[in-house]
1. Given springs between every Cα pair under 10 Å in a Gaussian network model of the chain, which of ALA24, ALA52, ALA92 has the largest fluctuation?
2. Considering only DSSP states other than H, G, I, E and B, which trypsin sites (Lys or Arg not before Pro) in the range 65-106 qualify as loop sites with at most 13 other Cβ atoms within 10 Å?
3. Within the range 46-86, list the chymotrypsin sites (Phe, Trp or Tyr not before Pro) lying in a DSSP loop whose Cβ has at most 15 other Cβ atoms in a 10 Å radius.
4. Excluding residues fewer than 8 places away in the same chain, name every one of the aspartates and glutamates whose C-alpha is closer than 18 Å to that of LYS81.
5. Taking Cα centroids, how far is the range 38-89 from the range 1-25 in Å?
6. Among GLY95, GLY50, GLY69, determine the one that fluctuates most according to a GNM of the chain built with springs between C-alpha atoms less than 10 Å apart.
7. GNM on the chain, C-alpha springs below 10 Å: top fluctuator among PRO82, PRO41, PRO102?
8. With the full set of protein chains in place, find how many percent of the accessible area of the chain is carbon and sulfur; take the probe as 1.4 Å.
Amino acid sequence: QVQLVESGGGLVQAGDSLRLSCAASGRTFSSDTMAWFRQAPGKEREFVAGIAVYTDSVKGRFTVSRDYGKNTVYLQMNSLKPEDTAVYYCAAKYGIITSTEPRRYDYWGQGTQVTVSS
């Protein structure tokens, strides 16, 4: 059974940093894609970042990295803004091409809340 488990969310102030982690189990995703999405209240789930692919609003502030030995993907978030407040989800899909469409992903974590106060 494949599981993705996120951790690292929390309440921070604007300008602070957080690092989210997503540990995968039940399958090795070394040849597949892992990415981060987020969903704010009342909004649709949106793509945030994959390896070397970032939505415009986080470019220069967020960085995705992977530890293939630990089957884990990270999202380093710097210079956080109140508009970054959302539930952040880790997702995985078969294949090496990163997609920005949630429907393309086969597995999802349960989400971790990130709240940025002004």
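The values are calculated or read from the model by the stated rules, or taken from the named source; none is laboratory data. Keep in mind the model is a prediction, meaning the values are calculated, not measured. Note that each Cβ is placed from the backbone with ideal geometry, even for glycine, and that neighbours are counted across all protein chains shown. All accessible areas refer to the heavy atoms of the entire protein, side chains included, with ligands and DNA or RNA removed. Shrake-Rupley method; radii C 1.70, N 1.55, O 1.52, S 1.80 Å.
1. Sorting by GNM fluctuation, first place goes to ALA52.
2. LYS70
3. Here the chymotrypsin sites (Phe, Trp or Tyr not before Pro) that fit, given the DSSP loop and packing criteria, are TYR68.
4. ASP16, GLU46, ASP56
5. 9 Å
6. For the chain, modelled as a Gaussian network with Cα springs under 10 Å, the answer is GLY69.
7. Among PRO82, PRO41, PRO102, the largest mean-square fluctuation in the Gaussian network model of the chain belongs to PRO41.
8. Details: 2860 of 6110 Å².
Whole-percent figure for carbon plus sulfur exposure: 47.
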